[in-house]
Amino acid sequence: MDSPLESSENKCSPADTLILAKRNPLWTFDLQSSKVISLRWFKPLFVVIYYSNSRNFIQRPRSIWKPWEINVNEITRFSDFPLSKKTLKGLQEAQYRLVTEIQKQTIGLALQGKDVLGAAKTGSGKTLAFLVPVLEALYRLQWTSTDGLGVLIISPTRELAYQTFEVLRKVGKNHDFSAGLIIGGKDLKHEAERINNINILVCTPGRLLQHMDETVSFHATDLQMLVLDEADRILDMGFADTMNAIIENLPKKRQTLLFSATQTKSVKDLARLSLKDPEYVWVHEKAKYSTPATLEQNYIVCELQQKISVLYSFLRSHLKKKSIVFFSSCKEVQYLYRVFCRLRPGISILALHGRQQQMRRMEVYNEFVRKRAAVLFATDIAARGLDFPAVNWVLQFDCPEDANTYIHRAGRTARYKEDGEALLILLPSEKAMVQQLLQKKVPVKEIKINPEKLIDVQKKLESFLAQDQDLKERAQRCFVSYIRSVYLMKDKEVFDVSKLPIPEYALSLGLAVAPRIRFLQKMQKQPTKELVMSQADKVIEPRAPSLTNDEVEEFRAYFNEKMSILQKGGKRLEGTEHRLDNDTDDEEQDEEEDNEEEMEEKLAKAKGSQAPSLPNTSEAQKIKEVPTQFLDRDEEEEDADFLKVKRHNVFGLDLKEEKTLQKKEPSKSSIKKKVTKVAEAKKVMKRNFKVNKKITFTDEGELVQQWPQMQKSAIKDAEEDDDTGGINLDKAKERLEEEDKFDKEEYRKKIKAKHREKRLKEREARREANKRQAKAKDEEEAFLDWSDDDDDGFDPSTLPDPDKYRSSEDSDSEDMENKISDTKKQQGMKKRNNSDVEDVGPSSRNRKKAKWDTLEPLDTGLSLAEDEELVLHLLRSQS
Ligand SMILES: Nc1ncnc2c1ncn2[C@@H]1O[C@H](COP(=O)(O)OP(=O)(O)OP(=O)(O)O)[C@@H](O)[C@H]1O
């Protein structure tokens, strides 16, 4: 017998257990308490059993070994599980004591190292059901940061990954493991530098695969556990191949846990692929309802054109509540969010959708968590797993694509023993959904709208749009986006685009005229063709009834090709995950320019790479090429079409068929290119076109370029001289610095000139003020002089007649006098100048003064010195 236990006489100290753990990692125990938590075969002949009332380890012969089992019925608290103190402390500090049903049934199995496929209603505590085993698994192995990646947790959306990460931080805070969140939308390089030190990695699939492909030092060879949260959603979102690729990169010997509130066939397929002898735990399988018992669920049927008014009226009557409103597309959220903000219903409104930048998404998420009363307009990115506290209402403004989506959306309320209400708005044509819900054990009841409480907001919307062109465009996009989402829905029993009241819907959005929708026009034109096709081609069976055979072929080729590009390698490019993430909501390609650039970058990368897994240029180009009949307006929508179609598998292709179709090359003529501005600009740059210049000449014959405007610079255009091709960054930098200096110098000069001008003006103003003062003083003097003659004041009649006076002068002097008088008049003669004309006749001094003083001083426009000069000159010429 070579068991170490023999030498310890059935006793085991912590040091011994450490040695044992190192020698046999299958053996699991808590080193702190020396407590064996699960039993495995230690040596062929012995197993070790720990009795909780003693610290002895007892060897039993194999013959009497029984698998370690937990009696589930005896477990009510987390502390009933053999958990480490650190985990228990973390749970207690986060106020988790009693276990929920799914936790009760799965934690024990997972602690024994079994693969588990767990399903339970929304809000039933699945997150802890896998986080507790995650912590314990690494703890028992005494995992340290130097051991690298031990656990991978994959979530379908960034928000859910973020939330899981937060719970992990909370309950695992007493452990020493490092945990990381890798969800895209952040700097890949920054992540790559840190990823190797992470023990528990919470991530979204696309970003993870990207690191697997691109981060040289990243590996998962020692991975102990893989967790797939909301596994069905991961697959729905088109991550099946990504998942396969990830799983291929993981060691075969590992434990796998897979959780979701709903189970689909694809999850079972995934389970078959990734789980080994799994334990299926479906805690609510036999429950009467598949939704929480505390959730009250109703639906109303109303016309499409009434929906906005219904929503407004609903919000007006729930101002103190916390609600989430689900829409089918991002553009609807964008438009209605803006409109509702303007309508001011009296409650704060937030919007969450995939077109927002990651930071904004996080902000909105946190803000909504914090608020007591608010309404969140969201797409289905918020439908799964998100645990907003105390949500009172979930309103499904647009019918969900299927019963599972309904369950997840509605499950954002009534979580963990809380109450909640869900309201589904259905169009008369969507009533078939009720049956599907009932089949899925969702108890929904019809309620009616109280017409008296309905507030019509259509007129207000019309006036908003009349004033705001941008809003009008958003309304148009919202319109097209909604119609398209209905058109592309898989379930034609529920979603029938031909039954939608199109013009009325446009009016209800505030639009006077319904925007043109090409696919609808086609559909209306070709109803018979479609009928023939659907009968002839039962295998393909397009869901969109308007398509002709050619169109089907064309789109199918495009679809498969795009799928294959993404699956082969396109999806491995940076940020693709974000797009796929987003595709859930049709919105899911980013409108923002940076994402446009991101896409361009991806294409450039794909171009540059020779790796077979990456798409070649033409393939990559085709990511953006969509048959035109599927386009409504802009490039963003091309992607939206693609992603939506991918999600819904419009043609109902099975995998086999897809594969054969992938080999088919779509005929070139079948794929019409939509020329984008970016593509145009690139073409122009490639061909080295020079833009037109407008050149004029100055009078001196100097050449002046008028357009494009030239920046003045002290530096000669060095780049033009530099013919080496490409951009010399260092030189460019130098040149910019030089130009910078030059600009600063110019700026300084201008400022100086301005100051000088200001100073001169001030001086001038001072002079003026002085002059006015002097004038006032002279006037005073004059009055004083006259006051000597007459105490009662100045009597002009006492003055000698100026004409008489003038006639008494000799003719020469009269001419001169006239000259002076005229000049003075013209120049706005100043009083001070009186002294200058004293010589004209001493006896006339006061009289002249009085006469001139009555003149309005004129502004000569000359300076004082110049005025004086002029007068002197005149006097000189007179003498
Ligand atoms: N044992 C527990 N004791 C108290 N609260 C718990 C317990 N387990 C979970 N909760 C709380 O219940 C809520 C729902 O938990 P969780 O998000 O894990 O549910 P879920 O089953 O994953 O839901 P979904 O299917 O919607 O993702 C959370 O607020 C969580 O804090």
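Coordinate-derived values only; no laboratory data. Keep in mind it's a predicted model, so treat the numbers as computed, not measured. Quick reminder, even Gly has a Cβ in these numbers, built from the backbone with ideal geometry, and neighbours come from all protein chains shown.
Spin-label pair Glu248-Asp269: with each label point 7 Å from Cα along the Cα-Cβ axis, the two points sit 1.7 nm from one another. Assuming charge only on the beta carbon of Lys and Arg (+1) and of Asp and Glu (-1), the dipole of region 72-282 about its Cα centre is about 520 debye to the nearest 20. At R0 = 30 Å, how high is the FRET efficiency between Glu738 and Leu760 if r is their beta carbon distance? Nearest 0.05 is fine. About 0.35, to the nearest 0.05. Close amide H contacts of Arg77 (hydrogens built in the peptide plane, cut-off under 5 Å, sequence separation of 5 or more or a different chain): Val99. With a threshold of 26 Å on the Cα-Cα distance, the over-threshold entries among Lys126/Lys173; Lys268/Lys499; Lys322/Lys448; Lys186/Lys331; Lys265/Lys445; Lys104/Lys173 are Lys268/Lys499; Lys265/Lys445. Residues whose amide H lies under 5 Å from that of Val394, counting only those 5 or more places away or on a different chain, are Ile324, Glu421, Ala422, Leu423; hydrogens are built 1.01 Å from N in the peptide plane.
With the biggest extent put first, the Cα atoms of region 363-427 measure 33, 26, 19 Å across the principal axes. Packing around the peptides 144-154, 281-291, taken as the average count of other Cβ atoms within 10 Å per residue, puts them in this order, highest first: 144-154, 281-291.
Dipole orientation for region 381-421: of the candidates Ile381, Tyr416, Gln396, Tyr416 has the Cα lying most toward the positive pole (charges on Cβ; Lys, Arg +1; Asp, Glu -1). Computed from backbone phi, the HN-Hα couplings of region 449-463 come to 7, 7, x, 5, 8, 7, 9, 7, 10, 4, 4, 4, 4, 4, 5 Hz, rounded to whole numbers (Karplus: 6.51 cos²θ - 1.76 cosθ + 1.60, θ = phi - 60°; Gly and Pro given as x). Packing, as the average of other Cβ atoms within 10 Å across residues, places the peptides 430-443, 256-269 in the order 256-269, 430-443, highest first. Scoring 864-870, 507-513 by mean Cβ neighbours within 10 Å over their residues and listing the highest first yields 507-513, 864-870.
Relative contact order of region 394-529, taken over Cα pairs closer than 8 Å and 6 or more residues apart, is 23 percent. Alpha-carbon geometry of region 295-518: the Rg and the Dmax are 16.5, 49 Å, given in that order. Rounded to the nearest Hz, the phi-derived 3J(HN,Hα) couplings of region 122-136 under the Karplus curve 6.51 cos²θ - 1.76 cosθ + 1.60 (θ = phi - 60°) are 5, x, 9, x, 5, 4, 5, 4, 9, 5, 5, x, 4, 5, 5, where x marks glycine and proline. Placing dummy labels 7 Å off each Cα toward the beta-carbon, the span from Ala373 to Ser217 is 5.3 nm.
Annotation: Cα Rg of region 413-461 relative to the compact-globule expectation 2.2 N^0.38 Å equals 1.54.
Other residues whose C-beta falls under 13 angstrom from the C-beta of Phe218 contribute a net charge of -2, scoring Lys and Arg +1 and Asp and Glu -1. The orientation-averaged projection of the convex hull spanning the C-alpha atoms of region 137-276 amounts to 8.0 square nanometres.
Taking the alpha-carbon centroid of each part, what is the distance from region 311-339 to region 205-238 in angstrom? That distance is 35 Å.
I want to make sure I understand the PRE zone here: with the label point 7 angstrom from the Cα of Gln467 toward its beta carbon, which residues in region 339-368 have backbone N atoms less than 18 Å away? Within reach of a label on Gln467: 339-346. With all projection directions averaged, the alpha carbon convex hull of region 185-339 covers 13.9 nm². Extending 7 Å from Cα along the Cβ direction at Ser145 and again at Glu446 yields two label points whose distance is 6.2 nm. Annotation: amide H-H contacts under 5 Å for Ile153 (H modelled 1.01 Å from N, sequence separation of 5 or more, or interchain): Leu201, Val202, Cys203, Val227.
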